[in-house]
Structures are given as C-alpha cells and as structure tokens.
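Peer 1: Attaching a single structure in structure tokens format; questions to follow.
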Amino acid sequence: MEHEDPVTSPIEITRESVVGALGGILSTRPGRLWLWNLLAQCNIFASTFRKEAHMMVYLEGRCSLGLEILADIATHYPERYLQMISESRAVAAGRGE
C-alpha cells in the first residue's frame, strides 16, 4: 500500500477557503504590505522581457502567479486593494512603517 507524502501531495481546498484566507491576509496592514511586496517580487509591475529565453520564461511564470493573486484581490477585495496601494506608497515615501 502506497502512502502519499503529506509535504508534496496537493491538498484539496475550496475556492471559498482560498478567498477567505486572502481576506485574512488583507485584513491587517502587515499582511497587505507583505502581499504587496510579494506581488512586486512576481514582477507584475515591470517588464519580464529578457534576452535569455530561460530567464524570461521563469519571470513570466512568476508574473502569471502574481496576476492570478491580483485578480482575486481586485475581484473579492477591491477596497483592500486600494488601501494596499495607498499604504505601500506611504511606506515608499518614508511615511509608513
């Protein structure tokens, strides 16, 4: 009898629980700043074009995931998205944490 590896095996999760978890992250300022930083690391705000094809493919994959997360935020928590933008600008300008 084979046993699945609990670390590498995908778990079943409902769409509602994903959206709820995202709402939990967006409900706090540190969560919103962390998520904004994650989206920036996914290169959704910059070009992914590179001369090296393998690097461009890698960056496109990151960007694709970031855009999926952004779409969920914009669809389910648009007011938190605007708040996240405002807070990230304040931090960048030195007026935040």
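Peer 1: Go through the residues of segment 11-34 one by one and say whether even a single one is part of a loop (DSSP other than H, G, I, E, B) and under 23 Å from GLU60 (Cα atoms).
Peer 2: Residues of segment 11-34 that are part of a loop (DSSP other than H, G, I, E, B), as a first pass: 11-14, 27-28.
Filter again for under 23 Å from GLU60 (Cα atoms), leaving none.
No, segment 11-34 contains no residue that is part of a loop (DSSP other than H, G, I, E, B) and under 23 Å from GLU60 (Cα atoms).
Peer 1: Given the criteria in contact (Cβ under 8 Å) with a residue 60 or more places away in the chain, under 13 Å from the mean Cα position of the chain (by Cα), surrounded by 10 or more Cβ atoms within 10 Å (Cβ to Cβ) and within 28 Å of VAL91 (Cβ to Cβ), does LEU33 qualify? Step through it out loud before you land on a result.
Peer 2: Details: in contact (Cβ under 8 Å) with a residue 60 or more places away in the chain: yes; under 13 Å from the mean Cα position of the chain (by Cα): yes; surrounded by 10 or more Cβ atoms within 10 Å (Cβ to Cβ): yes; within 28 Å of VAL91 (Cβ to Cβ): yes.
Against the criterion (in contact (Cβ under 8 Å) with a residue 60 or more places away in the chain, under 13 Å from the mean Cα position of the chain (by Cα), surrounded by 10 or more Cβ atoms within 10 Å (Cβ to Cβ) and within 28 Å of VAL91 (Cβ to Cβ)), LEU33 qualifies.
Peer 1: Does VAL18 satisfy the criteria of being among the β-branched types (Val, Ile, Thr) and surrounded by 10 or more Cβ atoms within 10 Å (Cβ to Cβ)?
Peer 2: Values: among the β-branched types (Val, Ile, Thr): yes; surrounded by 10 or more Cβ atoms within 10 Å (Cβ to Cβ): yes.
When the stated conditions are applied, VAL18 passes them.
Peer 1: Follow-up question, since we're still on this one. Just to be sure I understand, how many residues within segment 36-56 are in a helix (DSSP H, G or I), surrounded by 12 or more Cβ atoms within 10 Å (Cβ to Cβ) and aliphatic (A, V, I, L, M)?
Peer 2: 5
FYI, it's all coordinate maths here, none of it is from the lab. Keep in mind that what you see is a predicted model, and the values were worked out from it rather than measured. Here Cβ is always computed from backbone atoms with ideal geometry, including for glycine, and neighbour counts include all displayed protein chains.
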